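Each remark here refers to the structure printed beneath this line.
The values are calculated or read from the model by the stated rules, or taken from the named source; none is laboratory data. Quick caveat: nothing in here was measured; it's all calculated off a predicted structure. Note: ideal-geometry Cβ built from the backbone for every residue, glycine included; neighbour counts use all protein chains shown. Heavy atoms of the whole protein, side chains included, go into the accessibility calculation; ligands, DNA and RNA do not. Shrake-Rupley method; radii C 1.70, N 1.55, O 1.52, S 1.80 Å.
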Amino acid sequence: MLAQEVIRAKRDGHALDAAQIDSFVRGLVDGSWSEGQIAALAMAVFLRGMGRDEAVALTRAMMHSGRVLAWPDMPGPVLDKHSSGGVGDKISLMLAPLVAACGGYVPMIAGRGLGHTGGTVDKLEAIPGYRTMPAAQEFDRIVRTLGCAIIGQTPDLAPADKRLYAIRDVTATVESVPLITASILSKKLASGLQGLAMDIKCGNGAFADTPEMARQLAESIVAVAAGAGLKTRALVTDMNQVLGHEVGNSLELLGAIDYLRGDAREARTHELTLALGAQMLIIGGLAADEVQARAKLQVALDSGAAAERFAQMVVALGGPSDLMERPAAYLAAAPVVLPVPALRAGRLAAMKTRDVGLIIVELGGGRRQPGDAIDHRVGFSAMRQLGDVLAAGEPLAMVHAADAAAAERAVAALQAACEIGDASGAWTAPALLQATVG
C-alpha cells in the first residue's frame, strides 16, 4: 500500500481503515515510511482528526508493533499513572514508589520531554549511573521485588510509537487528541497494566489548552482504554501555572527527593500526588474509597516507606546508594544562578506557562531536534505561585543556566511570561482538580 495514498486519504478527510492504519504502523517500524511521510500523515491527522474506531485501531496496531508484557502470578494489582504533559510536573517520580509502598506494582514506562513539557526519563537520567533501559528480565525482577521501576521506552515496546513520538515533537503535531491517545495507551497496554490513572493537564501550559479539549482527550483515553479492557480514570487538572517550585530536570528531581523525605511538600503538588495515588489504589482494589486511599498514602509518605522504595529503585537501576541523603553530591549544578526580579510590586496574577517551558528548552533543558543532548542542570527554582504578593525587585524565581548570557535571556523571558497585577482585593486560587472522567 502506497504511503502517499494513505496520506492523501486522510488529507482529504476520509476515515482510514484497518489496513491503511496497519500499513502506516508497519512503515513506522520497518522504515518503509520516510520521516517526511510520517510527518505528513501526522499533520493530516492533526488537521482532520480521527474517529473513535480509527483511534482504537491505531492504538491496537501500535501496541502490537512490539513486545507486550505480562505479569503472571503478581501478588498485587499492576497499576500506572500517566500525565498528558505539563511544566514542572514531577509527580511520577513520587507516585510510583508511593503506590508501591501501598501494595501496588508499578511498571512505569515513562517518556522524554515533548515540545515545551519535560519528561520523566530526562529527569532520571540526571542521576549518575541510572539505567533507563534495563534488560527485560531485570525490569521484571525489580518490579516484582520492589513494587516499582521507572524506565524509558525500550526498543521492543511499542516501537511504532517511539518513532512517531520523536517526529511529532518537532513538527508541531503534538496537540492531536487521537495521536496523544494512541501514543499513551499503546505503551500502557503493552505494559500489561490492570489499571491506569490519567492526569489530563488543562490550561496555557498544557497541550489541551481549553476545558473542551481536555475533556475530549480525557473521554477519548477512557473510552479507548475501556475498549481494550483497561480500567482507567482520568483527572483533568490545572496547568495555568508551573506545578511546584522547580522546573528543569535536576531541579525537579531535587524537588521530588525533598517531597519524599518530607523536607518540602508544596500544596498543589501534594494534592495532585494524593488525588492520582488515590485513584490508583481504588482502581487496584487497595482502598475502598478516596478517604481510605489518601490516609494510606499519607502513612506511606510520613513513615518514610515511599522514600525507601525510591532509594531502592535508584540503586537497583544503577544509581548511587546515598542519593536520598546526599543529592547535591550527585546532581550537577548549573555554573550560573541568578535571581529573576519582579519588575513591579504587586500580586502574581497570571503566568504564560507554555512560555516558561520553552525557556527551559532555550536554556538547553529540552530538545529542538530528536536526539539533542539535554543539559540537566538548567531551569528555575524557587518559582513563585499565582496569588503570591511580591515587592519590586523580589525574585520571581532563580534561574540556573550554563552561562551568563543564557541566564540574562532567561531572566527577561520569565519576566515577560509573568503578569503582576494589583495586590489589593481578594484572591481566589484556580481550582487544581477540574473534572473526573471514568
Worksheet item: Does segment 275-294 contain at least one residue that is without any contact (Cβ under 8 Å) to a residue 40 or more places away in the chain, surrounded by fewer than 18 Cβ atoms within 10 Å (Cβ to Cβ) and closer than 29 Å to Ala328 by Cα?
Response: no
Worksheet, complete the sentence: Filtering segment 4-51 for residues that are under 21 Å from Gly66 (Cα atoms), hydrophobic (A, V, I, L, M, F, W, C) and in a helix (DSSP H, G or I) leaves a count of 9
Discussion item. What's the total number of residues in segment 381-391 that are in contact with a strand residue (DSSP E or B) (Cβ under 8 Å, 6 or more places away or on another chain) and either over 22 Å from Leu253 (Cβ atoms) or not in a loop (DSSP other than H, G, I, E, B) (or both)?
Written reply: 6
Worksheet entry | Some residue of segment 388-396 being under 23 Å from the mean Cα position of the chain (by Cα), at pLDDT 95 or above and open to solvent by less than 20 Å² (accessible area, probe 1.4 Å) | no
Worksheet entry | Residue selected from segment 397-438 under the condition assigned to a loop (DSSP other than H, G, I, E, B) and within 30 Å of Pro335 (Cβ to Cβ), by the criterion most open to solvent (accessible area, probe 1.4 Å) | Asp403
Worksheet item: Which ones in segment 299-319 are open to solvent by 20 Å² or more (accessible area, probe 1.4 Å) and touching a helix residue (DSSP H, G or I) at 6+ places or on another chain (Cβ under 7 Å)?
Response: Ala305, Arg309, Gln312, Ala316
Worksheet item: Restricting attention to segment 365-387, and to residues there that are under 20 Å from the mean Cα position of the chain (by Cα) and charged (D, E, K, R), which single residue is nearest to Arg344 (Cα to Cα)?
Response: Arg377
Discussion item. Which count do you get for residues in segment 392-414 that are under 29 Å from Asp199 (Cβ atoms) and out of contact with any strand residue (DSSP E or B) (no Cβ under 6 Å at 6 or more places or on another chain)?
Written reply: 1
Worksheet item: Consider Met213 against the criteria (1) hydrophobic (A, V, I, L, M, F, W, C); (2) surrounded by fewer than 24 Cβ atoms within 10 Å (Cβ to Cβ); (3) in contact (Cβ under 8 Å) with a residue 40 or more places away in the chain: it satisfies all of them except one. Which criterion is unmet?
Response: (3)
Worksheet item: So which residues in segment 1-28 are basic (Lys, Arg) and open to solvent by 10 Å² or more (accessible area, probe 1.4 Å), if there are any at all?
Response: Arg8, Arg11, Arg26
